[in-house]
Amino acid sequence: MKAVAIVLVLVVLAVVQLAIAGRLEQQGGVTCGQVDANMTPCISYLTQGGEPNAACCSGVKTVNGMAQSADERKTACNCLKAAANRYANLKDDAAQALPSKCGVSLNIPISRTINCDT
């Protein structure tokens with residue numbers, strides 16, 4: 001009997017998770033996959049410095065456009081923070097300068113240490 005109850009609870013949780021994921025997709029919610037894909041062209045700039053290439057700036061602009069609501073900005077912030085922490089050689093000054101170098105007013109900091117919940 002307990003096994004049936006556990007299975008039932010797991011099924012209900014799976015259905016709820018799928019419903020939430022579907023709703024986020026319909027609402028155009030930001031995902032880390034989207035953020036990572038758009039920021040990948042920036043890796044060489046963020047780790048070596050210099051100037052960001054056109055593909056990098058296009059990605060920054062796309063991420064900025066995707067993150068319109070407070071929740072989307074928070075998600076994008078957490079995604080950028082996680083991505084920044086994957087690169088030990090990321091140059092913090094390059095990360096901070098990236099939006100302005102691309103001509104974007106990005107309301108999402110690119111930082112390993114930012115608190116995205118505030």
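Restricting to Cα pairs below 8 Å that are 6+ residues apart, what does the relative contact order work out to for the range 32-102? Please round to a whole percent. Working shown, then result.
Details: 62 pairs, mean separation 31.2, N = 71.
Taking the mean separation of contacting Cα pairs over the length of the range 32-102, I get 44 percent.
Keeping the other protein chains in place, figure out the carbon and sulfur percent of the accessible area of the range 32-102, with a 1.4 Å probe.
That fraction is 49 percent.
Once phi is turned into θ = phi - 60°, what whole-Hz ³J(HN,Hα) does the Karplus curve with 6.51, -1.76 and 1.60 give for every residue of the range 74-91, x standing for Gly and Pro?
Values, residue by residue: 5, 4, 4, 4, 5, 5, 5, 4, 4, 5, 4, 6, 7, 10, 5, 9, 5, 8 Hz.
Apply the Kirkwood formula to the range 26-91: the hydrodynamic radius equals the inverse of the mean of 1/r over all pairs of different alpha-carbon atoms; give it in Å with one decimal. Write out the running numbers ahead of the final one.
Values: mean 1/r = 0.0824 Å⁻¹.
About 12.1 Å for the range 26-91.
As an exercise, use a Förster radius of 30 Å and the Cβ-Cβ distance of D36 and D92 to find the FRET efficiency, rounded to the nearest 0.05.
Details: r = 19 Å, r/R0 = 0.64.
The pair D36/D92 has a calculated efficiency of 0.95.
The values are calculated or read from the model by the stated rules, or taken from the named source; none is laboratory data. Quick caveat, the model's predicted, so the values are computed rather than measured. Please note: Cβ atoms are built from the backbone with ideal geometry, for glycine as well, and neighbour counts cover all protein chains shown. Heavy atoms of the whole protein, side chains included, go into the accessibility calculation; ligands, DNA and RNA do not. Shrake-Rupley method; radii C 1.70, N 1.55, O 1.52, S 1.80 Å.
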